[in-house]
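Colleague: So that we are looking at the same thing, I have put the structure below in structure tokens.
The values are calculated or read from the model by the stated rules, or taken from the named source; none is laboratory data. What you are looking at is a predicted structure, and each value in this text was computed from that prediction instead of being measured. Cβ sites come from the backbone with ideal geometry, for glycine too, and all protein chains shown count toward neighbours.
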Amino acid sequence: MRTAAPPPLPRVIALYAIAGIGLAVWAFPVFWGLLTSFKTERDVLAYPPVFVFTPTLANYREVIFGASSIVPNLVSSLVVSTLATALTMLFAVPAAYAMARLRFPAKRGTGFYVLATQMLPPVGLIIPYYLVLQKIGGLDTYSGLTVIYLTFSLPFAIWLMVSYFEDVPLEMEEAALLDRAGRLRALWHVILPQVKGGIAVTTIFVFLNAWNEFMFAVVLGGNRVRPVTVAMFNFISVEQTQWARLAAGAMLAMAPVILIGLFAQRHIVKGLTVGAVKGGGRR
Amino acid sequence: MTGARSLEQQERRFALALLVPALAVLVLTTTAPLVYLGWNSLHRIDLGMPWLSGFAGADNFAKMGSDPRFWNSLALTGIYTASTVVLQVLVGLSLALLVLQIPKGQGLLRVAAILPIVLAPVVVGLFWRTLVLAPDVGLVDMVSRAFGLPSHNWLGDPQLALISVIAIHTWQWTPFAFLVLLATLSTLPPDVYEAARLDRAGAWQRFFHLTLPLIRPAIVMVVILRTMTALSAFAAIFAATGGGPGSATEILNLYAYRTSFAELNLGYGAALAIVLMSITLVISYLMFRLRRARR
């Protein structure tokens, strides 16, 4: 009886070839951007393309210390993303616990409401926010951007946390059936430690999404608060594109999310599947 | 009995105390602005000519009927959403099925798949515009020149531009479908397959009768999530083509944005946003219905 017989060699080679193409298509543009960021503008436009060249740090020097420094933009991104992430987690974790575990009236309706807010197209929100913030002088401020970032991060974080709370074994709840102070204490000391991993993953996702946000930043930001995603356009104008500087700026701007992605790789895959696979089994 | 009752009451009160802050934030930051959006859509709000602003009733919506740019953007939204979602699921599922069979090196591909997902769409759009799709010196043209093929103006030609932005979106988000489906596939019990193998079921038969029904919930969920992302796609297209050339890649989302913030006609922009939102809600409602019906 043949159980898992090893596949024949040509087949294995074909499989690896296809996997290799997938690898190249996804990783090569990023790798190419990394190479470009160390090239001079002349090497960038060379044909045939050069793989061996004298690397230069001039592009990084320019985007960090030069006239088109993106350091202030990195600071903007960091401030807005951190504020938005902290507020999101503060509101999302308790709400998610209640939705996952407690009985209360209109529970289903509440779930649908949170889901519906997640479906809103951002362009529908940006118009009223622009008009209101313009009136109250909230354009180009950290608070304005932080508040609108909650619109996409809060529903997302609530749903993701709900799926983590649902994984906590029910026996843990027994402890929670005390007086009100007891419930709160049980939530803090018994339940929350169980979902530490989930909180970490959710925090990473929320931060990542806030860091990468563009539409809100470009409309509601300005000269003072200009997140790094908007600053990428500094290197592109009608007359010319500064390829190497753009590549260096992009590498710098994306370094945090790429590092998060690589280090938290397992968690990200789990986070994606918790949202998808478990979401498939809900209700 | 009264003890149980007060316990229940207590639980309810505790739940409300935990929920109300988050719900209050959601109402204030999403629902209230939406009501204001609806109100705005009934007005003429022209920041370029503020003296013309005022209540306009349903004028903005009536205007859409005879606005070719609106119908164009609606058609483009349909093409863009349908093609990117179908491509992501087909490519992602095929790749997952193949990769599942390779004994070693799956991890490397999983790491590579993370890269596009974590990048900001605006950076992806700019990368493709410069490094990948630029005429002559971009990666695609370099490869095609090496094979003696002509170079193309990928983002300058209207039809190629639409294909290009679809390719960009597919490049960035196929890894999502791939990773989710690979994870789902690897949780399937192997003994099911063994039984089928003894039955001499062919590979295609095994796939359609065994694998596909088992992973259907995951596929449906991927389709739902990817559809939502495609409908609100913005930054990558904005960075790569800006909606152009002309309005060749101007999906409804970009049209609403350009109307509001390039032409400063916020009233009409609000009406367009209302239409986009209604479409999104109807589609998501239908998809959730479908998901439940199939189970």
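Colleague: Among the listed residues A:Ser81, A:Ser77, identify the single one that is touching a Phe, Trp or Tyr at 6+ places or on another chain (Cβ under 8 Å), in a helix (DSSP H, G or I), hydroxyl-bearing (Ser, Thr, Tyr) and within 11 Å of chain B (Cβ to nearest Cβ).
Modeller: From the options A:Ser81, A:Ser77, the qualifying one is A:Ser77.
Colleague: Does any residue in the range A:44-70 that is at positive phi come within less than 7 Å, Cβ to Cβ, of a residue that is surrounded by 11 or more Cβ atoms within 10 Å (Cβ to Cβ) and outside any loop (DSSP other than H, G, I, E, B) six or more places away or on a different chain, and which pairs are these?
Modeller: Once the first residue is at positive phi and sits in the range A:44-70, no partner that is surrounded by 11 or more Cβ atoms within 10 Å (Cβ to Cβ) and outside any loop (DSSP other than H, G, I, E, B) comes close enough.
Colleague: Against the condition crowded, with 17+ Cβ neighbours inside 10 Å, of a type in the set (Phe, Trp, Tyr) and within 11 Å of another protein chain (Cβ to nearest Cβ), how does A:Tyr47 come out, does it pass?
Modeller: no
Colleague: Would you check which residues across the range B:90-106 are touching a residue at least 40 places away in the same chain (Cβ under 8 Å) and either outside any helix (DSSP H, G or I) or crowded, with 19+ Cβ neighbours inside 10 Å (or both) and list them?
Modeller: B:Gly92, B:Leu93, B:Leu95, B:Ala96, B:Val99, B:Leu100
Colleague: Can you pull out the helices (runs of 4 or more DSSP H) entirely within the range B:1-86 that have at least 3 residues that are farther than 30 Å from A:Val93 by Cβ?
Modeller: Ranges flagged: B:32-41, B:59-65.
Colleague: Say whether the condition of being modelled with pLDDT under 90, surrounded by 20 or more Cβ atoms within 10 Å (Cβ to Cβ), out of contact with any Asp or Glu (no Cβ under 6 Å at 6 or more places or on another chain) and among the small types (Gly, Ala, Ser) is met by at least one residue in the range A:58-73.
Modeller: no
Colleague: Counting only residues that are among the polar types (S, T, N, Q) and surrounded by fewer than 20 Cβ atoms within 10 Å (Cβ to Cβ), which one in the range A:187-238 is farthest from A:Val80 (Cα to Cα)? Reasoning before the result, please.
Modeller: Our first condition is that a residue be among the polar types (S, T, N, Q); within the range A:187-238, this holds for A:194, A:202-203, A:209, A:212, A:223, A:229, A:234, A:237.
Checking which are surrounded by fewer than 20 Cβ atoms within 10 Å (Cβ to Cβ) leaves us with A:194, A:203, A:223, A:234, A:237.
On the way: A:Gln194: 29, A:Thr203: 14, A:Asn223: 15, A:Asn234: 20, A:Ser237: 27 Å.
Among them, the one singled out is A:Gln194.
Colleague: Determine, yes or no, whether A:Tyr47 is hydroxyl-bearing (Ser, Thr, Tyr) and under 23 Å from the mean Cα position of the chain (by Cα).
Modeller: No; evaluated as a whole, the condition is false for this residue.
Colleague: Looking at the structure I just gave you, is B:Ala56 closer than 19 Å to B:Thr280 by Cα and either more than 26 Å from the chain's Cα centre (by Cα) or surrounded by 13 or more Cβ atoms within 10 Å (Cβ to Cβ) (or both)?
Modeller: Spelling it out, it is not the case that B:Ala56 is closer than 19 Å to B:Thr280 by Cα and either more than 26 Å from the chain's Cα centre (by Cα) or surrounded by 13 or more Cβ atoms within 10 Å (Cβ to Cβ) (or both).
Colleague: Could you check, for the range B:160-178, whether at least one of its residues is more than 15 Å from the chain's Cα centre (by Cα) and either within 10 Å of chain A (Cβ to nearest Cβ) or basic (Lys, Arg) (or both)?
Modeller: yes
Colleague: Going by the conditions given, is B:Val25 surrounded by 20 or more Cβ atoms within 10 Å (Cβ to Cβ), within 12 Å of another protein chain (Cβ to nearest Cβ) and on the phi < 0 side of the Ramachandran plot?
Modeller: The answer is yes for B:Val25.
Colleague: If you don't mind, there's one more thing I want to ask. Do any helices (runs of 4 or more DSSP H) lying entirely in the range B:139-206 carry at least 2 residues that are closer than 30 Å to B:Val223 by Cβ and at pLDDT 90 or above, and which ones are they?
Modeller: In the range B:139-206, the matching helices (runs of 4 or more DSSP H) lie at B:158-185.
Colleague: How many residues are touching a Phe, Trp or Tyr at 6+ places or on another chain (Cβ under 8 Å), buried (at least 16 other Cβ atoms within 10 Å of the Cβ) and not β-branched (Val, Ile, Thr) if we restrict to the range A:100-124?
Modeller: Residues meeting the conditions: 5.
Colleague: Of all residues in the range B:210-230, which are at pLDDT 85 or above and closer than 18 Å to B:Glu194 by Cα?
Modeller: B:Thr211, B:Leu212, B:Pro213, B:Leu214, B:Ile215
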